[in-house]
Amino acid sequence: MNPTGTVDLEFDPERDDLGKNKELTDGLSVALRIGNTLWVANDESISLERLSLITGRNTGNYKYGRHHKQFSLDDYLRLPVAPPNDPADLEEVDVEGLDYEDGYLWLVGSHSLKRKKPALKDGAKEARKQLAKVSRDGNRYLLARIPVVKCDGMYTLAKEYTRKGKKRTAAQLRGNAQGNDLTEALRGDKHLGSFLAIPGKDNGFDIEGLAVVDKRLFLGLRGPVLCGWALILEVELEEDNEQPSTLRLKPIGPKRRLYQKHFLQLGGLGIRDLCAQGSDLLTLGGPTMDLDGPVTIFRWPVGAKRKGESVVPAEELERVLDLPYGQGADHAEGMTLFSPDGGTAHSLLVVYDSTSESRRLGGSAVAADVFLLPRTCAPGRG
């Protein structure tokens, strides 16, 4: 399906440089609308970008970018690997999921290993050596929340603040550069444990999607895909009584397991993003391997309110949209509910990784797409 419209995202040129000849606009991995602000991230950075609505309502020409502000996650959280002096040595967070719930912005890194891409110009022997190298960026093991406050009509982040006698604090799941409590809990899992040592783009363990409903967090997995079935992990976090900046997993699964598993039959696709719409979960399905497509949005009706673990066959899912994709470019990575008129959200805004030249708008601007959700879909929250 072709988009029903586009939204221009304009970045401050001074903040568009990631080093290593990379730019923010080279690819966006997540998108989240909070009021009149849009939050996005490049998965090779350690920051979040806030763009504010410039034009749109009553004009039909939507642009975000006014007061572009960059929020370094190191200012709010304890990154497992501190930012180096040389940007070329930066260990990315690989932010792959964003959501907003109860005054907190929640985020998750991919938790995945990576395999070095071969440089064919170096010859076949060297390419084989490069393909054998598997590494980890320690900052990818991040699952955290940051308080959101409204200041002078603008949504912003705070490390901590107190409102009506209640203190809110930025906090993250306990972990380090080798993993965290979630990967430790999964190590012995009969479905997922063996995939923790496999790079994400090799069908290994790879989180790409986050939806928060009430106190539950739903984590979409790009991989592994098991016999054509994709997985969603469900967790609930609570503050450590002695360290409010540290979160712990609550026992919510069978036999007091620290997580629940939901299997969705997406026809061999992995999950590239999640979005809650009321009690439904929208899943952005795409290839788990390094392929261009297909890309499809599915709806799991009442998925956010199910009790216990689930096995959801294809006939219980609604195929909502088939998205276009490019050849070697324009891979749909993030989505957020979007309301062209500022009211109830009946559309999705989609951002892309591996940005094509046709999507670039000159300077430090890039186009995102808007897709109208079918009228059979339930109205969204926000």
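The values are calculated or read from the model by the stated rules, or taken from the named source; none is laboratory data. Predicted model only: the values in this text are computed from it and were never measured. Counting neighbours? That spans all protein chains shown, and the Cβs are built from the backbone with ideal geometry, glycine included. In case anyone asks, the SASA skips ligands and DNA or RNA and just uses the protein heavy atoms, side chains included. Shrake-Rupley method; radii C 1.70, N 1.55, O 1.52, S 1.80 Å.
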State all residues of the range 67-83 that are surrounded by fewer than 15 Cβ atoms within 10 Å (Cβ to Cβ) and in contact (Cβ under 8 Å) with a residue 40 or more places away in the chain; if no residue qualifies, say none. His67, Asp75
Residues located in the range 214-234, provided they are aliphatic (A, V, I, L, M) and buried (at least 20 other Cβ atoms within 10 Å of the Cβ): Leu217, Leu219, Leu221, Val225, Ala230, Leu231, Ile232, Leu233
Give me a count of the residues in the range 250-279 that are open to solvent by less than 20 Å² (accessible area, probe 1.4 Å) and farther than 25 Å from Asp43 by Cα. 6
Please tell me if Thr156 is more than 29 Å from Gly253 (Cβ to Cβ) and open to solvent by less than 50 Å² (accessible area, probe 1.4 Å). yes
Within the range 107-127, work out how many residues are assigned to a strand (DSSP E or B) and out of contact with any Leu (no Cβ under 6 Å at 6 or more places or on another chain). 2
Within the range 104-122, identify whether any single residue is within 29 Å of Gln260 (Cβ to Cβ), at pLDDT below 95 and surrounded by fewer than 20 Cβ atoms within 10 Å (Cβ to Cβ), and answer yes or no. no
Is it the case that Thr336 is touching a residue at least 60 places away in the same chain (Cβ under 8 Å) and under 24 Å from Val370 (Cβ atoms)? yes
If we scan the range 299-316, do we find a residue that is in a loop (DSSP other than H, G, I, E, B) and open to solvent by less than 20 Å² (accessible area, probe 1.4 Å)? no
Inside the range 109-129, can you point out the residues that are over 26 Å from Arg272 (Cβ atoms) and either touching an Asp or Glu at 6+ places or on another chain (Cβ under 6 Å) or of a type outside the set (Lys, Arg) (or both)? Ala119, Leu120, Asp122, Gly123, Ala124, Glu126, Ala127
For the condition at pLDDT 90 or above, part of a strand (DSSP E or B) and closer than 20 Å to Pro80 by Cβ, what is the one hit in Leu9, Leu32, Leu48? Leu48
I want to confirm something. Restricting to the range 84-101 and keeping residues that are part of a loop (DSSP other than H, G, I, E, B) and surrounded by 12 or more Cβ atoms within 10 Å (Cβ to Cβ), which single residue is modelled with the lowest pLDDT? Leu90
If we scan the range 128-140, do we find a residue that is part of a strand (DSSP E or B) and open to solvent by 10 Å² or more (accessible area, probe 1.4 Å)? yes
For the range 176-208, what are the residues that are among the polar types (S, T, N, Q) and touching a helix residue (DSSP H, G or I) at 6+ places or on another chain (Cβ under 8 Å)? Asn176, Gln178, Thr183, Asn203
Having 3 or more residues that are over 18 Å from the mean Cα position of the chain (by Cα) is the bar; report the strands (runs of 3 or more DSSP E) wholly within the range 145-241 that clear it. 154-157, 160-163, 166-169, 229-239
Would you call Thr288 under 14 Å from Glu208 (Cα atoms), in contact (Cβ under 8 Å) with a residue 12 or more places away in the chain and touching a Phe, Trp or Tyr at 6+ places or on another chain (Cβ under 7 Å)? no
